[in-house]
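Report on one structure; see the data block that follows.
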């Protein structure tokens, strides 16, 4: 998919979607309203019937949210977008809008814990079959596609092991078997600044906009990006009637504000993560570092091919059991123990007991998530201070 926009990424993250002719406001206003008044019964009927465009009720659309949708669609190089009240709101809306009872979902075995629970456990209650496999094995992907496969779903980089999946390779493999499968990629870890899956043949991109898109830790939100047809279906059926996962206009305003600095934030997240990963790689308390920017990381070459930078997320495997791993995390100074990511602050969490506790012991092992795995969201602090915080904590394990 070629870029269809006149301006560059940084210009679009600031200006896209905003009509400054509205009272001349440089900063887009917040339309903090639940409903919109009609000039007449006939006008209301025309809007409900689709004969005339216009806003009706914020669950069905809102000017502040629409601005954000236009901006995110522009940054992902998509035709349209829908914003939701959470990342899981985006993921569940996209899946519920497009899957049918009796169909099959094929997903990578390493996913965010709640996504995994939805696909592997929740959807089965409604007659949807699912298989979780390793998407780095392309032949296995081809062999696992069934006549009733409706959706292929994966993340890259994966949460929390940072596994890199070759987007174009998977997309071409899926299309070679069954052309009408909907391919969904969670692009939360990379952001559209570093990676744009739609340009590599994917149908839908989803985000937890809570994370890097907002970037300030004060919003819960999600986004779905794709074709006009798909997004219309997600809005008219998924959000309106099924999930009701409507983003508040105030939160849309905050994300619009956060997006203005996405590129410069991501540049520093990447720089800090690279330096921290290199330090961690040489520390005796660390058994393994999972970071795409390290040359010996298994997905390094693929990441270099499909990403502009290697991101701000790192995971490390400690030479420690669960108890000592927890003690090390608890002893960290400066670094907050929290399960989100993409904030200005450096955050650390223990996936096996926190974000991925929906996995069984066997499922954790299959996904490569051990009790010694620690996930780090590298923040925007001075890198010397971040490194020193981890040095002090890890030295306790030597």
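Limited to the range 274-287, what total is found for residues that are surrounded by fewer than 19 Cβ atoms within 10 Å (Cβ to Cβ) and outside any loop (DSSP other than H, G, I, E, B)?
Total meeting the criteria: 5.
Out of the residues in the range 213-241 that are exposed (fewer than 15 other Cβ atoms within 10 Å of the Cβ) and modelled with pLDDT under 95, state the one that is farthest from residue 185 (Cα to Cα).
241
Say whether the condition of being under 25 Å from residue 18 (Cβ atoms) and either touching a helix residue (DSSP H, G or I) at 6+ places or on another chain (Cβ under 9 Å) or crowded, with 24+ Cβ neighbours inside 10 Å (or both) is met by at least one residue in the range 165-184.
Within the range 165-184, not a single residue is under 25 Å from residue 18 (Cβ atoms) and either touching a helix residue (DSSP H, G or I) at 6+ places or on another chain (Cβ under 9 Å) or crowded, with 24+ Cβ neighbours inside 10 Å (or both).
Hey, does the range 227-240 have a residue that's outside any helix (DSSP H, G or I) and either within 22 Å of residue 156 (Cβ to Cβ) or in contact (Cβ under 8 Å) with a residue 60 or more places away in the chain (or both)?
Within the range 227-240, one or more residues are outside any helix (DSSP H, G or I) and either within 22 Å of residue 156 (Cβ to Cβ) or in contact (Cβ under 8 Å) with a residue 60 or more places away in the chain (or both).
Based on this model, can you work out whether residue 287 counts as more than 30 Å from residue 373 (Cα to Cα) and in contact with a strand residue (DSSP E or B) (Cβ under 6 Å, 6 or more places away or on another chain)?
Against the criterion (more than 30 Å from residue 373 (Cα to Cα) and in contact with a strand residue (DSSP E or B) (Cβ under 6 Å, 6 or more places away or on another chain)), residue 287 does not qualify.
Return yes or no: is residue 89 part of a loop (DSSP other than H, G, I, E, B) and modelled with pLDDT of 95 or more?
no
The values are calculated or read from the model by the stated rules, or taken from the named source; none is laboratory data. Here the structure is a predicted model, which means the values were calculated and not measured. Cβ coordinates were reconstructed from backbone atoms using ideal geometry, including for glycine residues, and neighbour counts include every protein chain displayed.
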